[in-house]
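I have placed the structure first, in the form of structure tokens, so that the comments after it can refer back to it.
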2 protein chains.
Amino acid sequence: MSDPPLYYDRHVFCCTNLRPESDPRGCCAAKGSERLRDYMKARAKELGLARVRINTSGCLDRCALGPTMVIYPEGVWYGYKTREDLDEILQTHVIGGGRVARLMLHPADTGAPD
Amino acid sequence: MSDPPLYYDRHVFCCTNLRPESDPRGCCAAKGSERLRDYMKARAKELGLARVRINTSGCLDRCALGPTMVIYPEGVWYGYKTREDLDEILQTHVIGGGRVARLMLHPADTGAPD
């Protein structure tokens, strides 16, 4: 039995988890992730992107790299800081199917100093 | 350039969105999704599942079918009601790589009466 077709062609999960200030891991919410998620959601709507969903997510557990997002089904992760970062992810990846290499997270990335 | 390997082999997103009682769409939280998500998370931990993450998600926008989850990278959706449903999804899909046909959601499903 093959799986049904995808319900969303691109499903973006933006972490908006909030931790106490005392937590050494930090959290995406303390780094502005809620406002950035709002921006990305609004821009996706303005751009009329069908079959794309910009979703809020709980902790994705890569806190030191945050704000983080993961885009499925491809399973590509990004760390981002600004609206310009999100515009680039929307245009290049979500719309264009490319990758924003400068923002991509790799499995070994921990956010710890080298 | 090929994408990095997946960070999680299976990434499960459980909607825990809460809407006001007056909202005709209903919501997953009103149907017990938070406790069910807690159960699934705890069971995954007890089972020692590595490279699997049971994640909280905001509204997945298939509210009438809820509680809903989507499992990536395969993009398979389930509607579930009980701990037994979650045990079956964990054993059959997450661990076994199969599908729980009786709980799967299809793109055309709306939750509206036939």
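The values are calculated or read from the model by the stated rules, or taken from the named source; none is laboratory data. Keep in mind that this is a model prediction, so the values were computed, not measured. Don't worry about glycine lacking a Cβ; one is built from the backbone with ideal geometry, like all the others, and counts go over all protein chains shown. Remember, those area values only see protein heavy atoms, side chains included, never the ligands or the DNA or RNA. Shrake-Rupley method; radii C 1.70, N 1.55, O 1.52, S 1.80 Å.
Each 5 Å bin from zero holds the following percent of Cα-Cα pairs in the protein assembly as shown: 1, 7, 14, 18, 21, 17, 12, 7, 2, 0, 0, 0.
What GluC sites (Glu not before Pro) in the stretch A:69-114 are in a loop by DSSP, with at most 16 other Cβ atoms within 10 Å of the Cβ?
Answer in residue order: A:GLU74.
Rounded if a/c is under 1.5, else prolate if a/b beats b/c, else oblate: with a ≥ b ≥ c from the C-alpha gyration tensor eigenvalues square-rooted, which is the stretch A:1-66? Cα axes put the stretch A:1-66 in the oblate bin. Rounded to whole numbers, the Karplus 3J(HN,Hα) couplings from phi for the stretch B:62-79 are 10, 4, 5, 9, x, x, 10, 9, 10, 10, 10, x, 6, x, 9, 9, 10, x Hz, using 6.51 cos²θ - 1.76 cosθ + 1.60 with θ = phi - 60°, and x at Gly and Pro. Ranking A:SER22, A:PRO67, A:ALA44 by how far each Cα lies toward the positive end of the dipole of chain A (charges on Cβ) leaves A:ALA44 at the top.
For the protein assembly as shown, the Cβ-based charge dipole about the Cα centre amounts to some 220 debye (Lys, Arg positive; Asp, Glu negative; other atoms uncharged). Accessible area per residue was computed with a 1.4 Å probe on protein heavy atoms; B:LYS41 scores about 80 Å². The H on the amide N of B:ASN55, modeled in the peptide plane, is under 5 Å from the matching H of B:VAL12, B:PHE13, B:CYS14, each at least 5 residues off or on a different chain.
Take B:ARG51, push a point 7 Å out from Cα through the beta-carbon direction, and compare it with the same point in every other copy: 2.9 nm, smallest first. For A:THR68, the amide hydrogen comes within under 5 Å of the amide hydrogens of A:CYS15, counting only partners 5 or more places away or on other chains and with H modelled in the peptide plane. Between copies, the label points of B:PRO107, set 7 Å from Cα on the Cα→Cβ line, lie 3.0 nm apart, reported in increasing order to one decimal in nanometres. Per residue, the average separation of C-alpha pairs within less than 8 Å and at least 6 apart gives chain B a relative contact order of 28 percent. Accessible-area rank, largest first, for A:TYR39, B:TYR80: A:TYR39, B:TYR80, with all protein chains present and a 1.4 angstrom probe. For the set B:ILE89, B:ILE95, the ranking by accessible area, highest first and with no ligand, DNA or RNA atoms included, is B:ILE95, B:ILE89 under a 1.4 Å probe. In this simple spin-label model, placing a label point 7 Å from the Cα along the Cα-to-Cβ direction at both B:ALA101 and A:ASP109 gives a separation of 4.1 nm. For the stretch B:3-114, the extents of the C-alpha atoms along the principal axes are 41, 30, 27 Å, listed from largest to smallest.
The Cβ shell under 12 Å around A:GLY97 holds other residues with a net charge of -1, Lys and Arg each +1, Asp and Glu each -1.
At the residue level, A:SER2 shows approximately 100 square angstrom of accessible surface with a 1.4 angstrom probe and all protein chains present. The calculated 222 nm mean residue ellipticity attributable to helices in chain B amounts to -5000 deg cm²/dmol, summing -39500 (n - 2.57) over DSSP H runs of n ≥ 4 and dividing by all residues.
Taking the longest Cα principal axis of chain A as reference, the axis of helix A:33-46 is set at about 20 degrees.
Dipole size in debye (nearest 20) for chain A around its Cα centre, Lys and Arg Cβ +1, Asp and Glu Cβ -1?
On the way: 16 positive and 15 negative charges, 51 e Å.
That gives chain A a dipole magnitude of about 240 debye.
Express the accessible area of the stretch A:1-105 per residue in Å², computed with a 1.4 Å probe while the remaining protein chains stay in the model.
Values: 4910 Å² over 105 residues.
Averaged over the residues of the stretch A:1-105, the accessible area is 47 Å².
Look at where the Cα atoms of the stretch B:21-58 and of the stretch B:69-93 average out, and the two centres are 10 Å apart. For the set A:LEU103, B:LEU18, the ranking by accessible area, highest first and with no ligand, DNA or RNA atoms included, is B:LEU18, A:LEU103 under a 1.4 Å probe. With the label put 7 angstrom out from Cα along the Cα-to-Cβ vector, A:LEU18 ends up 1.3 nm from the copy partners, going from closest to farthest. Computing the accessible area with a 1.4 Å probe over protein heavy atoms, can you report the carbon and sulfur percentage for chain B? The value for chain B is 51 percent carbon and sulfur by accessible area.
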